[in-house]
Amino acid sequence: MTTPALDADARLEIADVLVRYATGIDRRDWDLFRTCFTVDCHADYGDIGVWDGVDELTAWMVAAHQGAGHTFHRISNQAVTATEGGATARCYVDAIVMGADNVAGVRAVGSYDDDLVRTEAGWQIHRRRFTPAIFEGIDLGATT
């Protein structure tokens, strides 16, 4: 059986999900963030944690960013492939999460591997795995 190809509209909608995820976090718009995931999603961020369900994942994101200052989640190199049940997407993430003082923070770089399904609400992430490449501290107050 041949897997159907994704049309340009589907690819744009999936790219929008990936960017909407980052926008939801950076704006602390948790309703927007929730639209990216199925109710029964599974998110595996490795050593950071594993969450089952959009409620659990959103609660963690809220807590993790509650005391943060500026955050910048950049999504790039999106590769989308049709599957029999929907689509897979791989993208890179380069995230900066500053502390409340916006002087010190952390930078995390890695990739997301997602399984997406088309729902009544549009394309949503059903399974996500984050693979880290770099974790590094940021200290804008440090002298050189």
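The values are calculated or read from the model by the stated rules, or taken from the named source; none is laboratory data. For clarity, every value in this text was computed on a predicted model and none was experimentally measured. Note that each Cβ is placed from the backbone with ideal geometry, even for glycine, and that neighbours are counted across all protein chains shown. Note: accessible area is taken over every heavy atom of the protein model, side chains too, but ligands, DNA and RNA are not part of it. Shrake-Rupley method; radii C 1.70, N 1.55, O 1.52, S 1.80 Å.
Any idea of the accessible area per residue across segment 31-97, 1.4 Å probe, to the nearest Å²?
On the way: 3310 Å² over 67 residues.
Computed with neighbouring chains in place, this is 49 Å² per residue.
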(request) Calculate what fraction, in whole %, of the accessible area of segment 60-144 sits on carbon and sulfur atoms when a 1.4 Å probe is rolled over the protein chains. (result) 53
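Please sort 113-121, 88-96 by packing, taking for each peptide the average over its residues of neighbouring beta carbons within 10 angstrom, highest first.
Values: 113-121: 16.1, 88-96: 18.2.
Order by mean packing, descending: 88-96, 113-121.
Per DSSP H run of n ≥ 4, the term is -39500 (n - 2.57); total these for the chain, divide by its residue number, and report the mean residue ellipticity at 222 nm rounded to 500 deg cm²/dmol. Before the final figure, lay out the partial values.
Numbers: 3 runs with 37 residues, N = 144.
About -8000 deg cm²/dmol.
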(request) May I ask for the distance between the Cα centers of segment 92-122 and segment 27-55, given as a whole number of Å? (result) 11
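Of the peptides 57-64, 20-27, how do they stack up when ordered by the mean number of other Cβ atoms within 10 Å, highest first?
Working: 57-64: 15.6, 20-27: 18.6.
Averaged packing, sorted descending, gives the order 20-27, 57-64.
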(message) With the crude spin-label approximation of a point 7 Å out along Cα→Cβ, what separation in nm comes out for Asp47 versus Ala79?
(response) 2.5
(message) Just checking my list (1) 10.2; (2) 7.7; (3) 9.4 against mean projected area of the Cα convex hull in nm² computed from this structure; which label fits?
(response) (3)
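For the chain, give the magnitude of the charge dipole about the Cα centre (Cβ charges: +1 Lys/Arg, -1 Asp/Glu; no others), in debye to the nearest 20. All intermediate terms of the calculation are to be shown ahead of the outcome.
Details: 12 positive and 22 negative charges, 55 e Å.
Using only the charged Cβ atoms, the result is roughly 260 debye.
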